[in-house]
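The values are calculated or read from the model by the stated rules, or taken from the named source; none is laboratory data. Remember, it's a predicted structure, so these values are computed and weren't measured experimentally. All Cβ positions, even for glycine, are placed from backbone atoms using ideal geometry, and neighbour counts span all protein chains on display. Calculation scope for accessible area: heavy atoms of the full protein, side chains included, ligands and nucleic acids excluded. Shrake-Rupley method; radii C 1.70, N 1.55, O 1.52, S 1.80 Å.
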Amino acid sequence: MAQHSGDSRRRLQWTLGVLAAIPAASAIGEIVQGPQGVPGGSPDVAPTVDSSLRYANVFKFAVGPVIWSQLGRVESSPAVPFAISTIAAGGLARLRSWQQRGRPHPVTVAAIALEIVGGMLLLIWQRSVSSKDV
């Protein structure tokens, strides 16, 4: 049973390590390019919106290094579920935008699904690995 638990832990580490690259890469593009870096984006936004987008992406970028720094203790780190929960909450914020402003670009729709559904599945998986470690 210990081997099975270790396999699940390693798979979780690899999965989180790879998935953490998505917000980090996306954030870099949106910091550098501003609204044009967003799928379906446009340079025609108010300067305050451009500024806010670039600012918020610094926090989105930080998710990657936070998760990567915790992979060695993925089963016990409180930072991992916090980071995953933050991603899922971001997906919920995007849903609110969809409700108020209309359907976003298909890439963003996929991101919403990954953030919310994928985030919840990752939280369950992390909890499962954590409970097997006890």
Quiz prompt | Failed condition for Arg54, given (1) under 22 Å from Ser130 (Cβ atoms); (2) touching a helix residue (DSSP H, G or I) at 6+ places or on another chain (Cβ under 6 Å) | solution = (1)
Quiz prompt | Count of residues meeting criterion [more than 17 Å from Gln70 (Cβ to Cβ) and open to solvent by 70 Å² or more (accessible area, probe 1.4 Å)] in the range 1-21 | solution = 4
Exercise. Give the range 22-47 a look and list any residue that's more than 23 Å from the chain's Cα centre (by Cα) and either closer than 17 Å to Glu115 by Cα or open to solvent by 70 Å² or more (accessible area, probe 1.4 Å) (or both), or say none.
Key: Pro43, Asp44, Pro47
Quiz item: Of everything in the range 48-78 that's among the basic types (Lys, Arg) and over 16 Å from the mean Cα position of the chain (by Cα), which residue is surrounded by the fewest Cβ atoms within 10 Å (Cβ to Cβ)?
Solution: Arg73
Quiz item: Which fully enclosed helices (runs of 4 or more DSSP H) of the range 61-134 have 3 or more residues being within 17 Å of Arg9 (Cα to Cα) and touching a Pro at 6+ places or on another chain (Cβ under 9 Å)?
Solution: 119-133
Practice problem: Name every residue in the range 84-106 that is open to solvent by less than 80 Å² (accessible area, probe 1.4 Å) and either more than 18 Å from Lys60 (Cα to Cα) or in contact (Cβ under 8 Å) with a residue 40 or more places away in the chain (or both), in order of residue number. | Solution: Ile84, Ile87, Trp98, Gly102, Pro104, His105
